[in-house]
Amino acid sequence: MNRARKFLALPAFDRALLLRALIALWLVRLLLWTVPYSRVRAVIERLKKASLPVDAGFRPSPERIAWSVRAASAGVATGANCLLRALAGEILLGRFGYQSELKFGANRGGGAGLAAHAWLECEGKIILGELEAPGYAPLRPTLPERI
């Protein structure tokens, strides 16, 4: 089954969530390409506060929001890295009224260099970037507003 058929076979709720995730991913991608990180953070903070109207039937769980970001990542041309996914997830979680925390970590790994990773936590659980996060030591809760 191709992507369009899979998408159309989803319930309307999931299609709407996937579209929101795709828009958030592309927006974050464009911001990261064009403006300094401090501006990216400012835009994300504003977007998080612009809550979506939530009816009784359309407030996805944090896990469902994370699913939508992971699934929509395939629609980002250059691929979505951990930072892009975490920032897009942060926007969506905030818009649906959830608090989240962006984390950064480093790992020496098996190679000679240092590897970095970003993940997103909500309600005390890692919801995006969970597979890689256990091998990374947190650097600090968030990056400073000014880099």
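The values are calculated or read from the model by the stated rules, or taken from the named source; none is laboratory data. Keep in mind that this is a model prediction, so the values were computed, not measured. When we count neighbours, we look across all protein chains shown, and the Cβ atoms used for this are built from the backbone with ideal geometry, even at glycine.
State which residue is nearest to the chain's Cα centre (by Cα) when the search covers only region 83-122 and only residues that are among the charged types (D, E, K, R) and modelled with pLDDT under 95. So that I can check it myself, show each step before the final result.
Residues of region 83-122 that are among the charged types (D, E, K, R), as a first pass: 85, 90, 95, 101, 103, 108, 121.
Narrowing the set further to residues that are modelled with pLDDT under 95 leaves 85, 95, 101, 103, 108, 121.
Numbers: ARG85: 3, ARG95: 12, GLU101: 11, LYS103: 12, ARG108: 24, GLU121: 10 Å.
Per the criteria, the residue is ARG85.
Please find, among PHE7, PHE13, the residue that is touching a residue at least 24 places away in the same chain (Cβ under 8 Å) and surrounded by fewer than 16 Cβ atoms within 10 Å (Cβ to Cβ). Among PHE7, PHE13, only PHE13 is touching a residue at least 24 places away in the same chain (Cβ under 8 Å) and surrounded by fewer than 16 Cβ atoms within 10 Å (Cβ to Cβ). When LYS48 is tested against (1) modelled with pLDDT of 85 or more; (2) in contact with a His (Cβ under 6 Å, 6 or more places away or on another chain), just one condition goes unmet, and that condition is (2).
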